[in-house]
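Here the structure is laid out as structure tokens; the discussion comes afterwards.
The values are calculated or read from the model by the stated rules, or taken from the named source; none is laboratory data. Note that this is a predicted model, so its numbers are computed, not measured. Glycine gets a Cβ as well: all are built from the backbone with ideal geometry, and neighbour counts include every protein chain shown.
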Amino acid sequence: MSQTTLLEEVTSWSPETCGQELMSVLPKLVSMYQNTNNWEESIRILRIISEMFLPHLRVSDLEEECFSKVLPKVAKVFSSLMDEISKQIGELSSQNSELRSYLRNILQLMIQVLEVLSGVIRLLCAPDKSLTLGSIRSLPSCVLKLLKDTFEHCKDSEAVYCGRLSVVADLLQGLFKEAYTLQKGLMELLDKTAVENKISEEEISDIVIVIHSLLEICIVISNLDVALHANTWKFIIKQSIKHQALLEEHLRHGDIVTRLCDDLLASFYSSCELAEEMKQAGLQEAQCPEYKLFQKSAKMCRFFANTLVHYVKEFKAFLSKSCGRFYHLYLQIFSKLPPSLWSAPMAIPHGLELSSGTLTAVDVLVTQLLPCRAFVEVVLAPGQELVPETLFPHCLLLVSVVTKLRSQPEEVLCLWCEGSRFPEETPRPSVFQAVFRSFRRCSAERAAPLLVPGVMMNGQAQSQVTLHQHVCIQLCACVAALPASVFPNLERSMLEAVLQPDTQTALLATDIWCFLARFGTAELCLHHVKLAAHLIKSCPGESHHVIHLGLLLRRLLFLMTPQHQMELIEKFPPGLAENQPVWQHVLLRALSDDGRKRVQRDVAALASDVVGGWLEKGCRLGELEQVNVALSSLLVVAGEEAPECLLSAARLVKRLWPRICAQQVQKYPAVQQTVKLLFSISAVTLQKLDSSDICQALTCLSFLLSMACPDHVLLAGLDFLASLGGLFIPPEIQNQVLPKLCSLFSQLLGQTIWPLHQYALEAFSRFAEVTNHEEVIAQSLTSEGTKTKVVNFLSKKVNGEETGEARVKRLKEERHIYEQHCARLENEEEELLAGLEPCSKRARQLTSEEEEFEKHLQMAESTLAALHSLAKRTPAPQWASTRLRELQTLITQIGTAGPPRT
């Protein structure tokens with residue numbers, strides 16, 4: 001019987017006849033199928049086999065008698081149809097009807113192949129069929145190859161058909177629809193298929209190939225159909241977990257979670273773009289098409305996030321190499337959501353809808369990864385080069401980790417809190433160090449200030465708090481729950497944060513340190529205070545280290561018991577000069593009555609001795625640092641306004657002002673510090689000073705202004721000027737003092753350096769509020785511009801207020817400048833410490849005779865400068881000219897004089 005005759009006869013058979021002739025005819029049909037080269041003929045034979053004879057085959061014979069022999073040719077035919085389209089597509093046009101019909105016919109053949117396979121799968125999915133994987137082994141691989149080729153063809157159709165897509169659009173749509181149906185049927189079939197207890201390595205390999213093939217299909221269909229994409233992922237995860245014991249060592253876990261992360265980010269970015277478009281267009285209605293797209297995209301975000309969490313939970317042991325991907329996923333998501341400064345602009349409801357499901361799942365993911373050493377090493381890796389938009393998410397991640405540590409076992413605590421301990425370990429700091437370092441780098445977020453959700457308390461609505469508050473609250477909560485074994489690492493981290501140059505980070509560490517002192521024992525607080533005091537004594541100069549340690553010391557003193565305060569006083573006696581660096585940072589109101597009186601008495605006595613000794617020794621510049629330390633401590637006790645301390649401080653000020661040479665301020669930093677302290681102490685002791693002392697201070701400040709004095713000295717001078725508002729100037733010296741006041745305020749209000757200008761406005765307003773000399777106010781405002789600025793300041797009027805967008809942009813640009821400034825401070829500190837070693841060549845020391853010359857020249861220079869300043873404002877009397885000529889002659893004689901020659 002010929003091939004044609006057999007096919008014609010078979011097509012007329014009844015099902016019963018097909019069943020009876022199955023074993024004799026099926027081999028012939030399979031042979032005919034394998035040997036034919038005609039596409040249409042092969043598809044015809046394939047349909048006859050699948051629809052008429054396949055239903056009569058036993059399940060155990062499916063693979064051996066049919067699938068293994070037929071399906072390889074199916075894949076080959078389908079591939080050849082694809083290749084034919086690629087060859088002929090270049091000549092396709094609407095005018096070439098013959099080629100158009102030819103290509104359409106090829107697409108119809110492809111659809112028929114998929115239809116036949118869908119029919120086979122529907123047959124196998126019948127309830128009465130009990131399948132095993134071995135009975136259909138060739139079917140999944142063949143179908144998956146066809147599906148991948150089909151979806152890729154549909155995805156690339158615009159490029160493949162080169163603008164002639166309309167000619168075949170309907171068939172491409174039908175092809176995709178049939179492929180969709182075929183994949184759905186295949187996943188149902190595989191889900192139904194049983195896996196035997198004694199499964200072979202080949203069958204395990206087959207399941208793995210199915211999962212990996214579906215993973216490749218996911219990459220293709222991610223932008224084609226949302227439902228198919230989601231269902232494919234559900235099947236991958238379900239099958240992976242269903243056969244977990246068999247597959248966990250064979251699956252490409254890294255590829256699976258990487259693809260999940262990529263799909264999650266793609267949906268997330270799409271949602272952000274849709275939310276931004278709605279905000280820009282001002283769309284508020286929930287029924288608009290854009291909102292429905294946004295909802296669908298946000299739903300996919302939640303789906304992928306939850307799927308990722310589910311997969312990581314089951315296969316965490318195999319995902320150590322993917323921890324870096326999870327880490328960057330967290331950073332990328334949080335950087336695009338409010339309140340990040342780099343977040344996409346979106347309406348508040350849209351932001352909440354997008355973040356509600358996604359962020360919850362990501363937070364659960366972090367919890368699952370806490371025990372993973374690889375995740376710890378990635379998150380805590382030192383020297384990470386994070387881009388600016390990920391600095392804030394990195395800080396949030398670290399705080400989230402700290403929050404979760406309270407409920408973790410001891411080994412997880414050690415992993416995060418101890419840092420690396422052995423040389424062979426990957427270097428990493430403790431999580432506490434990492435939090436402080438990360439917080440320090442969030443300068444723009446702190447300056448904004450950026451607000452984050454706070455802690456819900458007492459059933460009240462959740463409030464918004466600053467980043468400082470958020471970090472502080474969570475760290476303190478962690479401190480309260482941590483075991484004592486973790487405290488040494490916490491203390492080292494806090495000390496490191498206190499000693500670095502960023503003041504707000506030091507303040508954060510101080511806040512947590514104070515909580516630790518209150519939470520712990522009184523003895524622990526005493527220990528910490530002694531530690532801070534020792535460190536202050538060991539730090540050279542006026543560095544940021546000393547300033548931050550002084551802040552810590554002041555606050556811890558309030559938490560000490562009176563007995564421990566007295567113990568501290570005995571440990572660091574205020575009457576010794578070597579302890580003055582400690583007591584100049586203390587707030588005396590923190591001490592008990594007995595302790596306060598002891599410190600006041602000893603500091604005042606020591607300051608009097610140091611200053612008196614310095615004056616008696618001839619005011620040597622080399623010993624001025626000791627005077628400054630004593631004056632700093634004296635300023636602290638004088639600020640408490642104890643009568644005896646005020647009187648003692650006033651006496652020292654009276655003795656020191658005449659010895660100050662304003663010309664030396666620029667040249668010697670020690671003199672700058674002395675003048676600054678004298679201004680500050682004079683402001684405190686103003687009621688105890690004489691008119692001549694006030695005139696000397698004003699004359700000095702006037703001269704400093706004329707010679708471009710350092711800013712910090714002028715700021716202290718402004719405090720002194722502001723304090724003069726509460727003083728009634730006696731009539732006999734008003735002609736000397738009031739014009740100077742007017743001139744000084746006029747010059748300082750005209751400063752272009754904004755900190756000086758701002759502080760001048762504040763000082764002038766404080767002076768104007770309480771002064772009895774109202775004429776000074778009017779005469780100080782010498783220009784309309786200055787007058788307008790003062791009026792605007794007093795009325796709290798802001799000119800040219802920047803928008804929120806402009807402020808954020810400016811803060812982003814200033815971040816780099818601020819980081820450079822902190823780095824420069826650290827470098828300078830390192831150079832200073834390196835320079836503490838003895839120099840190979842020391843500076844020349846002045847002899848006692850040279851110091852005498854220096855002292856008298858300073859006095860003469862100061863007096864001549866005051867005369868020069870006075871002559872600029874008031875014409876000199878006639879008799880003054882004669883006196884000046886006599887002085888000039890005397891100066892010439894001094895310059896040419898010398899000891900007699902022998």
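Side notes on the structure shown:
- All of P449, P427 fail the test of being surrounded by fewer than 17 Cβ atoms within 10 Å (Cβ to Cβ) and touching a Gly at 6+ places or on another chain (Cβ under 9 Å), apart from P427.
- Any chance E616 is modelled with pLDDT under 90 and assigned by TED's automatic domain parsing to the domain that holds E644: yes
- The residue pairs whose first member lies in the stretch 121-136 and is touching a residue at least 60 places away in the same chain (Cβ under 8 Å), whose second member is among the acidic types (D, E) and surrounded by 14 or more Cβ atoms within 10 Å (Cβ to Cβ), and whose beta carbons are closer than 7 Å, counting only pairs six or more residues apart or on different chains, are C125/E188; L133/E203; L133/D206; G134/E63; G134/E203; S135/E63; I136/E63.
- Which listed residue is touching a residue at least 24 places away in the same chain (Cβ under 8 Å), of a type in the set (S, T, N, Q), surrounded by fewer than 17 Cβ atoms within 10 Å (Cβ to Cβ) and in contact with a helix residue (DSSP H, G or I) (Cβ under 9 Å, 6 or more places away or on another chain), from T193, T181: T181
Condition check ((1) in contact (Cβ under 8 Å) with a residue 40 or more places away in the chain; (2) in a helix (DSSP H, G or I)) across all residues:
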{"site": "L172", "(1), (2)": "yes, yes"}
{"site": "L175", "(1), (2)": "yes, yes"}
{"site": "S205", "(1), (2)": "yes, yes"}
{"site": "I209", "(1), (2)": "yes, yes"}
{"site": "H212", "(1), (2)": "yes, yes"}
{"site": "A227", "(1), (2)": "no, yes"}
{"site": "L251", "(1), (2)": "yes, no"}
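- Looking across the stretch 556-570, the residues that are part of a helix (DSSP H, G or I) and in contact with a Cys (Cβ under 8 Å, 6 or more places away or on another chain) come down to L556, H564.
- Assessment of the stretch 394-413 against the conditions (in contact with a Gly (Cβ under 7 Å, 6 or more places away or on another chain), closer than 23 Å to K316 by Cα and not small (G, A, S)) yields no matching residue.
- Being surrounded by 14 or more Cβ atoms within 10 Å (Cβ to Cβ), touching a residue at least 12 places away in the same chain (Cβ under 8 Å), closer than 29 Å to L867 by Cα and in contact with a Lys or Arg (Cβ under 7 Å, 6 or more places away or on another chain) is a property that holds for G725.
- Checked against (1) over 22 Å from R325 (Cα atoms); (2) not in a helix (DSSP H, G or I), P382 meets all criteria but (1).
- With respect to the conditions (1) of a type outside the set (K, R); (2) crowded, with 19+ Cβ neighbours inside 10 Å; (3) at pLDDT below 90, W416 falls short on a single one, namely (3).
- Meets criteria (β-branched (V, I, T), assigned to a loop (DSSP other than H, G, I, E, B) and under 27 Å from K129 (Cβ atoms)) for I199: yes
- Screening P573 on (1) within 22 Å of A649 (Cα to Cα); (2) touching a residue at least 24 places away in the same chain (Cβ under 8 Å); (3) part of a helix (DSSP H, G or I) shows it passes everything except condition (3).
- Residue in the stretch 297-314 that is over 24 Å from the mean Cα position of the chain (by Cα) and more than 23 Å from K238 (Cβ to Cβ) present: yes
- The residues of the stretch 419-476 that are β-branched (V, I, T) and modelled with pLDDT of 85 or more, listed by number, are V431, V435, V452, V465, T466, V471, I473.
- Scan of the stretch 116-159 for residues that are under 55 Å from the mean Cα position of the chain (by Cα) and of a type in the set (D, E, K, R), ordered by number: R122, R137, K145, K148, D149, E152, K155, D156, E158
- Matching option when the condition is surrounded by fewer than 22 Cβ atoms within 10 Å (Cβ to Cβ) and under 31 Å from the mean Cα position of the chain (by Cα), among G618, G541, G520: G520
- Set side by side, the residues F392, F422, F436 differ, and just one is over 30 Å from E277 (Cα atoms), among the aromatic types (F, W, Y) and in contact with a helix residue (DSSP H, G or I) (Cβ under 9 Å, 6 or more places away or on another chain), which is F436.
- The single condition among (1) under 41 Å from the mean Cα position of the chain (by Cα); (2) of a type in the set (K, R); (3) surrounded by fewer than 17 Cβ atoms within 10 Å (Cβ to Cβ) that K571 does not meet is (1).
- Screening the candidates F679, F720 for the property of being outside any loop (DSSP other than H, G, I, E, B), touching a residue at least 40 places away in the same chain (Cβ under 8 Å), in contact with an Asp or Glu (Cβ under 8 Å, 6 or more places away or on another chain) and of a type in the set (F, W, Y) yields one hit, F679.
- Among (1) assigned to a helix (DSSP H, G or I); (2) surrounded by 19 or more Cβ atoms within 10 Å (Cβ to Cβ); (3) in contact (Cβ under 8 Å) with a residue 40 or more places away in the chain; (4) under 34 Å from the mean Cα position of the chain (by Cα) - the single one L553 does not satisfy: (3)
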